[in-house]
1. Nearest-5 percent of antiparallel DSSP beta bridges in the chain?
2. Can you give me the accessible area per residue for the chain, using a 1.4 Å probe, in Å²?
3. Only loop residues by DSSP count here, and only those with at most 14 other Cβ atoms within 10 Å; note down the GluC sites (Glu not before Pro) in the stretch 5-107 that meet that.
4. Hey, got the dipole for the chain? About the Cα centre, +1 on K and R Cβ, -1 on D and E Cβ, debye to the nearest 20?
5. Please compute the Cα-Cα pair-distance distribution of the chain with 5 Å bins starting at 0, giving whole percents from short to long.
6. Enumerate the lysines that LYS18 could reach by cross-link, defined here as Cα to Cα under 19 Å, with residues fewer than 8 away along the same chain left out.
7. Given a 1.4 Å probe and every protein chain left where it sits, what share in percent of the accessible area of the chain is carbon and sulfur?
8. Quick one: which of 33-40, 93-100 comes out on top by average Cβ neighbours within 10 Å, and what's the full order, highest first?
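The values are calculated or read from the model by the stated rules, or taken from the named source; none is laboratory data. Not measured: the values here are computed from a predicted model. Counting neighbours? That spans all protein chains shown, and the Cβs are built from the backbone with ideal geometry, glycine included. Quick note on the areas: whole protein, heavy atoms, side chains included, nothing else; ligands and nucleic acids left out. Shrake-Rupley method; radii C 1.70, N 1.55, O 1.52, S 1.80 Å.
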Amino acid sequence: MAWLEMPTRSDISAYSYKIQLEGTTYQFTFTFNDRMGKWFMAIGDNVGSTLLDPIPLAANWNLVGRFVSKALPPGKFYAYATDGTDVDPARFDLSNRVKLLYKESTT
């Protein structure tokens, strides 16, 4: 069971990329909502079909733990606040003060 740091950026407010996690390719989309002051993450499959609608990146919380789907990555995602606070990532915090981590499953 390993921890992986997911690629994130804060220099632009919306972006997507594909990445392989535990043998399966997923598409991740990140958007910053100016009105709400929050980052959101969506997960899709390798052809872009939505597996999880955008959810807010909440600091130090199992982001997808409440969702049950065999289509989602089997591990856990955390928006880890490196400064020891539980403050959600602001516009320029993602990839700086807050790192998106993926904890591989045990299976």
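1. On the way: 29 of 31 bridges.
Percent antiparallel among DSSP bridges in the chain is about 95.
2. Values: 6020 Å² over 107 residues.
Accessible area per residue, the chain: 56 Å².
3. On the way: sites: GLU5, GLU22, GLU104; in loops: GLU22, GLU104.
For GluC sites (Glu not before Pro) across the stretch 5-107 that sit outside H, G, I, E and B with at most 14 neighbouring Cβ atoms in 10 Å, the list reads GLU22.
4. On the way: 11 positive and 11 negative charges, 22 e Å.
Using only the charged Cβ atoms, the result is roughly 100 debye.
5. Percent of Cα pairs in each bin: 2, 13, 24, 27, 20, 11, 3, 0.
6. Leaving aside lysines fewer than 8 places away in the same chain, those within reach of LYS18 are LYS70, LYS76, LYS99, LYS103.
7. Details: 3110 of 6020 Å².
Here it works out to 52 percent.
8. Details: 33-40: 13.5, 93-100: 19.5.
Ranking the peptides 33-40, 93-100 by packing returns 93-100, 33-40.
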